[in-house]
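Right, one structure below, let's go through it.
The values are calculated or read from the model by the stated rules, or taken from the named source; none is laboratory data. On a predicted model such as this, the values are computed, not experimentally measured, just so you know. Don't worry about glycine lacking a Cβ; one is built from the backbone with ideal geometry, like all the others, and counts go over all protein chains shown.
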Amino acid sequence: MDALIFIQDENEVELLAYVIMENHIHCIMNGKSLTRKFMLFKSFTARSIVDLLKQTGRMNTLTKLKLLKRHHKQDSTYQVWQEVFHPKQIFSDEMMIQKITYMHDNPVKRGYVDSPEHWRYSSARNYLGLTGLIPVMVYGRDRLRCLEAELPGIAFPGRAWERG
C-alpha cells in the first residue's frame, strides 16, 4: 500500500483504481513512463516482501520463491513477481467502466466479501464516496477528480453508473 502511495507522490502517477488480492494486483494508472515506474514498484515491494519473510522466519516460503527464480536472473535470489507485465491502454469511458468494475468485483467473485466496498484493499470505497485506504483519482464521465481522505463528503455517482 505504501508503494502505491509512493508511486503517486514521487513519480507523478495518477492512480485511478486498484485492487490488491492475495496473489496479484490490478491497477489503472495514468502518467509517463508507466512501465518503468511499475517495474520500480515491483522491485520495491519484492524487496519488502523478502525482508519481511526473512524477519519472520518464513523459510518455506523463501525456498519456494528461490525455486521460482529464473535462471537468467543473476541479480536476484528470489522471484516474487512474474516477469511479465500486461499493460493495456484504455480507449473509452465504456472500457474504463468495465475495467474498474471487473477489478472491484474480483474479491466478490473469489468469495472473500459480499460487496466490493467491503474489500479494504481496493478503490471500490473511493468510488462510492467513502474513505479508502489510498486516495485515488476517481474516474468520472467528464473529468478526473481527486477524492482524498480529508473530503469524505464528496459523492461519486456510484455503482449504478459504473455498471452503466
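In segment 151-160, is there at least one residue being modelled with pLDDT under 90 and outside any loop (DSSP other than H, G, I, E, B)? Scanning segment 151-160, I find at least one residue that is modelled with pLDDT under 90 and outside any loop (DSSP other than H, G, I, E, B), so the answer is yes. Each residue in segment 21-72 was checked for being in a strand (DSSP E or B) and out of contact with any helix residue (DSSP H, G or I) (no Cβ under 8 Å at 6 or more places or on another chain), and 2 pass. So is G111 assigned to a loop (DSSP other than H, G, I, E, B), surrounded by 12 or more Cβ atoms within 10 Å (Cβ to Cβ) and modelled with pLDDT of 85 or more or not? The answer is no for G111. Per the conditions (1) out of contact with any Lys or Arg (no Cβ under 8 Å at 6 or more places or on another chain); (2) of a type in the set (S, T, N, Q); (3) at pLDDT 85 or above, the sole criterion not satisfied by T101 is (1).
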